[in-house]
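Working notes, structure below.
Nothing in this text is a laboratory measurement; each read-out follows from the coordinates by a stated rule. If you're wondering where the values come from, they're calculated on a predicted model, not measured in any experiment. Heads up, the Cβs are rebuilt from the backbone with ideal geometry, glycines too, and the neighbour counts pull from every protein chain shown.
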Amino acid sequence: MFLLLAGAIRAQIDEAPPVRIDVAYASSYVFRGVERAGDSAQAAVEFNRDNLRGGLWINQPFSQGDTREVNLNAAYAWRPADAVTLEASVAHAWFDDVPGGGVKRSLEAGLNATLAPIQGFTPGLAYYHDFRLRADTVQASLARSIALTKLGAFLELNFFTGWVSGDDWRPDAPGPRRADSYGYWGGEAHVPYRVGPHSTVVAGLHYADSFGRSITNGPFGRTGHGKLGVTLGVNLDF
């Protein structure tokens, strides 16, 4: 699913619109270093009320051989201290046309901590547990926002690295459990440009890679390493 910038949780509390709709094209869909689909259309709707948010996210690949995904998610954010923002989340995803089959859905809960900026950089640390895949993920991130004064916009940068360990990557397949652990890293750059009172155009560049992943026993996805992709979309807020 989508990778949020480390500062997004803090913005969620401060200025999230009541309703937000996102529509985008993505040249590849990469989740935690593993490419799940190539060229895709992505759409999301998110509802916000105070510190609580919930929404639906869809990835529809253009190729029939790629995995289609629907994700229903919710989260609650709060500040236990001025310099720390915490967000507890839960997400239920459904998959269709998974290569090799063996997994129809996942259920994951997580806790994300975002610190106040340190010399312009915003560090974050997150932990996720998937109950169906019996997988644990630890991810560290570092974000920075750079003002593009002449354009009247910002360049949003985010760098991340993580480690995933799963004991049952194909819970719906017969036979013994397929266990695997791997690491991943990457970075992304977004330029959101406001074009109207309720509309923003967002262009993005993404790179991610993984290491140590087993093709047969690890999480589903395409083979290969080092995926570079672009995104172009529109955000509507109400």
| field | Simple label model, 7 Å out from Cα along Cβ direction - S199 to D96, nm | value | 2.9 nm
| note | In nanometres, the difference between 0.36 nm per residue of separation and the alpha-carbon distance of S63 and T161 is 32.4 nm
| task | Using label points projected 7 Å from each Cα along Cα→Cβ, tell me how many nm separate V230 and V45, to one decimal. | result | 3.0 nm
| At a Förster radius of 22 Å, what calculated FRET efficiency corresponds to the Cβ-Cβ distance of V23 and L86, to the nearest 0.05? | 0.15
| request: Enumerate by residue number the chymotrypsin sites (Phe, Trp or Tyr not before Pro) in region 15-71 meeting two conditions: DSSP loop (anything except H, G, I, E, B), and at most 15 other Cβ atoms within 10 Å of the site's Cβ. | output: F62
| In region 148-219, trypsin sites (Lys or Arg not before Pro) in a DSSP loop with at most 10 other beta-carbon atoms within 10 Å | K150
| So which trypsin sites (Lys or Arg not before Pro) in region 11-104 are both in a DSSP loop and have at most 16 other Cβ atoms within 10 Å of their Cβ? | K104
| query | Where in region 221-238 is the amide nitrogen less than 13 Å from a point lying 7 Å along the Cα-to-Cβ axis of Y207? | reply | 226-230
| task | Go ahead and run the numbers for FRET between A179 and R105, Cβ-Cβ distance against an R0 of 25 Å, rounding to 0.05. | result | 0.85
| query | What dipole magnitude, in Debye to the nearest 20, does the chain give about its Cα centre under +1 on Lys/Arg Cβ and -1 on Asp/Glu Cβ? | reply | 160 debye
